[in-house]
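Undergrad: Okay, here's the structure, questions in a sec.
The values are calculated or read from the model by the stated rules, or taken from the named source; none is laboratory data. Here the structure is a predicted model, which is why all the values come from computation and not from measurement. In this analysis, Cβ positions are derived from the backbone assuming ideal geometry, glycine residues included, and neighbour counts consider all displayed protein chains. These area figures cover heavy atoms from the full protein model, side chains too; ligands, DNA and RNA do not enter into them. Shrake-Rupley method; radii C 1.70, N 1.55, O 1.52, S 1.80 Å.
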Amino acid sequence: MEEGQLYRDLDRYMADRDRRLRVGPIGPDGRAACVIEHDLHLGGALVGRTTPIHVRNLGNPRKFELLEESDVVAADPRYTRLLTAMAAVHGAAATPRDYARAAYDALGLRESAP
């Protein structure tokens, strides 16, 4: 299991939703912060959100199907961290400034004062 891989959720309740999860940072508790990249549930309203999934479950071929290896994502490994940051601020009240700040934090950049 590594950051950047894309999985399809094979749970019987998720099969019709075609839910796909991109593996994000893996915590010390063995859970990966997975970003939902595709989900037909609620008209796709859950796309961009994160959900914690234990690495042991991701490695079970009866529960999750590996669709893409991490090297297929993008040349820049910061992609998943950026998606996770965007998902953290995503919501009806989110402003472009909220997304920009989340991106700066995720990428380790410092916003300079005018």
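Undergrad: With (1) open to solvent by less than 20 Å² (accessible area, probe 1.4 Å); (2) under 12 Å from the mean Cα position of the chain (by Cα) as the list, and residue 9 as the residue in question, which single condition is left unmet?
TA: Evaluating residue 9 over (1) open to solvent by less than 20 Å² (accessible area, probe 1.4 Å); (2) under 12 Å from the mean Cα position of the chain (by Cα) leaves (2) as the failure.
Undergrad: Between 110, 62, which is open to solvent by 40 Å² or more (accessible area, probe 1.4 Å), at pLDDT below 85, part of a loop (DSSP other than H, G, I, E, B) and out of contact with any Asp or Glu (no Cβ under 6 Å at 6 or more places or on another chain)?
TA: 110
Undergrad: In region 38-59, what residues are within 16 Å of residue 91 (Cα to Cα), open to solvent by 50 Å² or more (accessible area, probe 1.4 Å) and not aliphatic (A, V, I, L, M)?
TA: If the condition is that a residue be within 16 Å of residue 91 (Cα to Cα), open to solvent by 50 Å² or more (accessible area, probe 1.4 Å) and not aliphatic (A, V, I, L, M), then 43, 49, 50 are the ones that fit.
Undergrad: Then there is this: Which of the residues belonging to region 35-46 are closer than 14 Å to residue 6 by Cα and part of a loop (DSSP other than H, G, I, E, B)?
TA: Passing the criteria: only 39.
Undergrad: Pull out all pairs, ordered by first then second residue, where Cβ-Cβ is under 9 Å, the residues are six or more apart or on different chains, the first lies in region 41-64 and is closer than 13 Å to residue 27 by Cβ, and the second is assigned to a helix (DSSP H, G or I) and open to solvent by 80 Å² or more (accessible area, probe 1.4 Å).
TA: 50/88
Undergrad: I need every pair where a residue in region 86-107 that is on the phi < 0 side of the Ramachandran plot has its Cβ under 6 Å from the Cβ of a residue that is open to solvent by less than 60 Å² (accessible area, probe 1.4 Å) and part of a loop (DSSP other than H, G, I, E, B), sequence separation at least 6 or different chains.
TA: What qualifies is 87/48; 90/48.
Undergrad: Would you mind telling me which numbered condition in (1) at pLDDT 90 or above; (2) open to solvent by 10 Å² or more (accessible area, probe 1.4 Å); (3) farther than 12 Å from residue 54 by Cβ residue 21 fails?
TA: (2)
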